[in-house]
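Novice: I'd like to ask some things about the structure below.
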Amino acid sequence: MNLQSSNYSYMPQLDSIKGLAVGMMIFYHWLPEQYRFLVFADFGLQFFFIISGFFVTRTLVHTRCDSSLFSEKIRILATFYAHRFLRICPLYYILILLTYVVGIASVRDSWPWHITYLSNYYFFFIQSWHDETSHFWFLAVLMQFYMLWPGIILFLPRNWHKQVFFGCICLTVLFRFTIPLCWPEIKMLSVLPCMYLDAFGIGSLLGYLTAEKCDLTLFYKICLWGGVLYVAFQVAKWLGFSSPVTIVAQRECMLLGIGWLLFHASQGYGGIAGMILGNRVLRYLGKISLGLFLIHNFSGILISLLKPVIDIPTNRFSVTILLLRILFTVALAMVSYRFLEKPIAQFKRYVPYPEMSKGNN
């Protein structure tokens, strides 16, 4: 088997997986705690970190091939930041502004942290969550990665890239094993970006190998065996065999398994998997995933506005509440995508990457 990197065309099946992944993260917040294990939220979380590393590195390594001039690298960097701003910031800042104006306490108490993408550090310092804004920590980690990683890709010597990716993976393993062991009193470590460098590293490694048109056979085999070992670790955990070492090892195997899934989706699944991931509804949910994610935690506010009008159960985990949350979140995300995100995204054509064609974004 000689697996070669894919081209730079649009990858529709990745949108479908994004739709599934964001659904896992959303239902984790909507379901009672005893049922949250059913949605595999950690899989969805790690998938977005890995796919972010994949696309950022793949794009920047490819564009860097066109020029070694410092001025061109600055232009590529500015283009990347412009694209990220146009994709994420308009909806995010409008949402913060609207919730601040209507008087959402969790936004008014901490808005400077959110508009500067430091929400994760805010929750770490206060050692607690705010119901409506708790999911902002995830976006903050992504944006911190987007701010730092492009400079590494563009300005470090190219023969250092793979060492940096492997270094990120090793550092995260070290952090996840030693920090809880040495300082067990430190809580909420999961919001710190240093805990996700391995996911970014694995995604970036796949993006780098793809951009360099490398043979991916070895990467494929490692990721495949990682997925197999993840299942084995999970079975051992169910049987009561677990330790700090196996917990960290299982997580790394899960990341490799996601890397295997990402690789296959970028190539295009066939058969039943291809039929599922080719579903238009699922693919559309992936396209509006940013709106779904940002809006979902605020859907409860809209439901509370209906209580004087219709009879709504007081139990926030009832089926009625869940259906209303789904309805409001999907409807608002569709409106946001159609009338805000998609029109604004058209401005990307005014700041194109050199020699780059359109892809998933």
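The values are calculated or read from the model by the stated rules, or taken from the named source; none is laboratory data. Only a predicted model underlies this, so the values are computations on that prediction, with no experimental measurement involved. Heads up, the Cβs are rebuilt from the backbone with ideal geometry, glycines too, and the neighbour counts pull from every protein chain shown. Note: accessible area is taken over every heavy atom of the protein model, side chains too, but ligands, DNA and RNA are not part of it. Shrake-Rupley method; radii C 1.70, N 1.55, O 1.52, S 1.80 Å.
Novice: Out of curiosity, is ALA41 open to solvent by 10 Å² or more (accessible area, probe 1.4 Å) and out of contact with any helix residue (DSSP H, G or I) (no Cβ under 9 Å at 6 or more places or on another chain)?
Specialist: In short, no.
Novice: Only residues in the range 196-209 that are of a type in the set (D, E, K, R) count as the first member; pair them with residues that are not in a helix (DSSP H, G or I), Cβ under 7 angstrom, at least 6 apart or cross-chain, and list the lot.
Specialist: Filtered contacts from the range 196-209: no entries.
Novice: Does GLN250 satisfy the condition of being more than 20 Å from the chain's Cα centre (by Cα) and either in a loop (DSSP other than H, G, I, E, B) or not basic (Lys, Arg) (or both)?
Specialist: The answer is no for GLN250.
Novice: For LEU86, state whether it is out of contact with any Ser or Thr (no Cβ under 6 Å at 6 or more places or on another chain) and either at pLDDT below 90 or open to solvent by less than 70 Å² (accessible area, probe 1.4 Å) (or both).
Specialist: yes
Novice: Now for a separate question. Failed condition for LEU218, given (1) in a helix (DSSP H, G or I); (2) open to solvent by 50 Å² or more (accessible area, probe 1.4 Å); (3) touching a strand residue (DSSP E or B) at 6+ places or on another chain (Cβ under 9 Å), with all others met?
Specialist: (3)
Novice: Taking the range 267-288 only, how many residues are farther than 19 Å from ILE26 by Cα, assigned to a helix (DSSP H, G or I) and touching a Ser or Thr at 6+ places or on another chain (Cβ under 8 Å)? Before the answer, list the steps.
Specialist: So in the range 267-288, the residues farther than 19 Å from ILE26 by Cα come out as 267-280.
Pick out the ones that are also assigned to a helix (DSSP H, G or I) and you get 267, 271-277, 280.
Next, only the ones that are touching a Ser or Thr at 6+ places or on another chain (Cβ under 8 Å) stay: 267, 276-277.
Residues that pass the stated criteria total 3.
Novice: Taking the range 151-199 only, how many residues are part of a helix (DSSP H, G or I), of a type in the set (A, V, I, L, M) and either more than 25 Å from the chain's Cα centre (by Cα) or surrounded by fewer than 14 Cβ atoms within 10 Å (Cβ to Cβ) (or both)?
Specialist: Adding up the residues that qualify gives 2.
Novice: ILE26 - would you say it is in a helix (DSSP H, G or I), hydrophobic (A, V, I, L, M, F, W, C) and within 21 Å of TYR146 (Cβ to Cβ)?
Specialist: no
Novice: Still on this structure, please answer the following. Can you tell me which residues in the range 301-324 are in contact (Cβ under 8 Å) with a residue 40 or more places away in the chain and farther than 17 Å from GLU33 by Cα?
Specialist: Selection gives ILE301 alone.
Novice: If you take the residues of the range 104-130 that are in a loop (DSSP other than H, G, I, E, B) and under 20 Å from the mean Cα position of the chain (by Cα), which of them is surrounded by the most Cβ atoms within 10 Å (Cβ to Cβ)?
Specialist: TYR117
Novice: Then there's this: Read through the list (1) at negative phi; (2) modelled with pLDDT of 95 or more, then give the number of the only condition that TYR117 fails.
Specialist: Of (1) at negative phi; (2) modelled with pLDDT of 95 or more, only one is false for TYR117: (1).
Novice: Out of the range 289-318, which residues are part of a helix (DSSP H, G or I) and either farther than 27 Å from PHE138 by Cα or at pLDDT below 80 (or both)?
Specialist: Answer for the range 289-318, where residues must be part of a helix (DSSP H, G or I) and either farther than 27 Å from PHE138 by Cα or at pLDDT below 80 (or both): LEU305, LEU306.
Novice: Name the residue, out of PHE70, PHE80, that is surrounded by 18 or more Cβ atoms within 10 Å (Cβ to Cβ) and out of contact with any strand residue (DSSP E or B) (no Cβ under 9 Å at 6 or more places or on another chain).
Specialist: Of the residues listed, the single one that is surrounded by 18 or more Cβ atoms within 10 Å (Cβ to Cβ) and out of contact with any strand residue (DSSP E or B) (no Cβ under 9 Å at 6 or more places or on another chain) is PHE80.
Novice: Can GLN144 be described as out of contact with any Phe, Trp or Tyr (no Cβ under 6 Å at 6 or more places or on another chain) and either of a type in the set (D, E, K, R) or at pLDDT below 95 (or both)?
Specialist: no
Novice: Of the conditions (1) aliphatic (A, V, I, L, M); (2) open to solvent by 50 Å² or more (accessible area, probe 1.4 Å); (3) assigned to a loop (DSSP other than H, G, I, E, B), LEU332 fails just one. Which one is it?
Specialist: If we test LEU332 against (1) aliphatic (A, V, I, L, M); (2) open to solvent by 50 Å² or more (accessible area, probe 1.4 Å); (3) assigned to a loop (DSSP other than H, G, I, E, B), just (3) comes out false.
Novice: For SER16, indicate whether it is touching a helix residue (DSSP H, G or I) at 6+ places or on another chain (Cβ under 9 Å), at pLDDT 95 or above and of a type in the set (Gly, Ala, Ser).
Specialist: Considered against the rule, which asks whether it is touching a helix residue (DSSP H, G or I) at 6+ places or on another chain (Cβ under 9 Å), at pLDDT 95 or above and of a type in the set (Gly, Ala, Ser), SER16 comes out as no.
Novice: Restricting to the range 166-196, name every residue that is under 21 Å from LEU45 (Cβ atoms), charged (D, E, K, R) and out of contact with any helix residue (DSSP H, G or I) (no Cβ under 6 Å at 6 or more places or on another chain).
Specialist: Hit for the range 166-196 is LYS187, nothing else.
Novice: Please go through the range 266-308 and pick out each residue that is of a type in the set (D, E, K, R) and surrounded by fewer than 18 Cβ atoms within 10 Å (Cβ to Cβ).
Specialist: ARG280, LYS307
Novice: Moving on. Of the residues THR63, THR99, THR59, which single one is at pLDDT 90 or above, in a helix (DSSP H, G or I) and among the hydroxyl-bearing types (Ser, Thr, Tyr)?
Specialist: THR99
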